[in-house]
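Inspection log for the structure reproduced underneath, given as structure tokens.
Just so it is clear, none of the values below were taken in a lab; they were calculated from the coordinates. In this text the structure is predicted, and so the values were computed from the model without any measurement. We place every Cβ from the backbone using ideal geometry, glycine too, and count neighbours over all the protein chains shown.
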Amino acid sequence: MHTPLRVQLPKNKLSFLERKHLLTIVNSDEFGQLPPSQIVPRLADCGQYIASESTFYRVLRAENQLRQRRAERPAKQRHKPRALSATAPNQLVSWDITYLPTLVLGTANDQTLHLTSLFHCSNLQ
């Protein structure tokens with residue numbers, strides 16, 4: 001196996017302090033909820049250039065911060081819906097819309113067939 005004689009680092013690679021400064025700005029109150037595609041132009045409007053947009057994404061990905069950058073409510077706990085049971089005919093009705101591919105052209109929704117089903121459920125013993 002051939003090992004390289006020397007490893008070349010990019011000359012314009014961010015230093016530790018520059019990287020720390022970039023993360024401080026990205027996580028600030030002003031930019032904490034914005035993606036890099038909005039942070040970089042806003043900094044440019046203020047006359048600041050820290051790094052390119054792709055570098056912002058690269059640093060955020062390396063720091064595991066590349067996610068939806070917005071304030072979110074905590075997830076609500078979901079409960080299983082109660083089971084419905086019919087004790088007589090026509091007490092429980094359910095429906096479904098299924099979209100099926102088709103080769104029929106010339107309709108409003110070309111190549112899609114809408115199949116609506118109505119179910120009368122009974123669970124008599």
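Classified by the C-alpha gyration tensor, the range 16-62 has a rounded form. Its axis ratio a/c, with a ≥ b ≥ c, is below 1.5. The GluC sites (Glu not before Pro) of the range 1-73 that DSSP puts in a loop, and whose beta carbon has at most 16 other beta carbons within 10 Å, are Glu30, Glu63, Glu72.
Near Ala51: Cβ cut-off under 15 Å, other residues only, Lys/Arg at +1 and Asp/Glu at -1. The net charge is +4.
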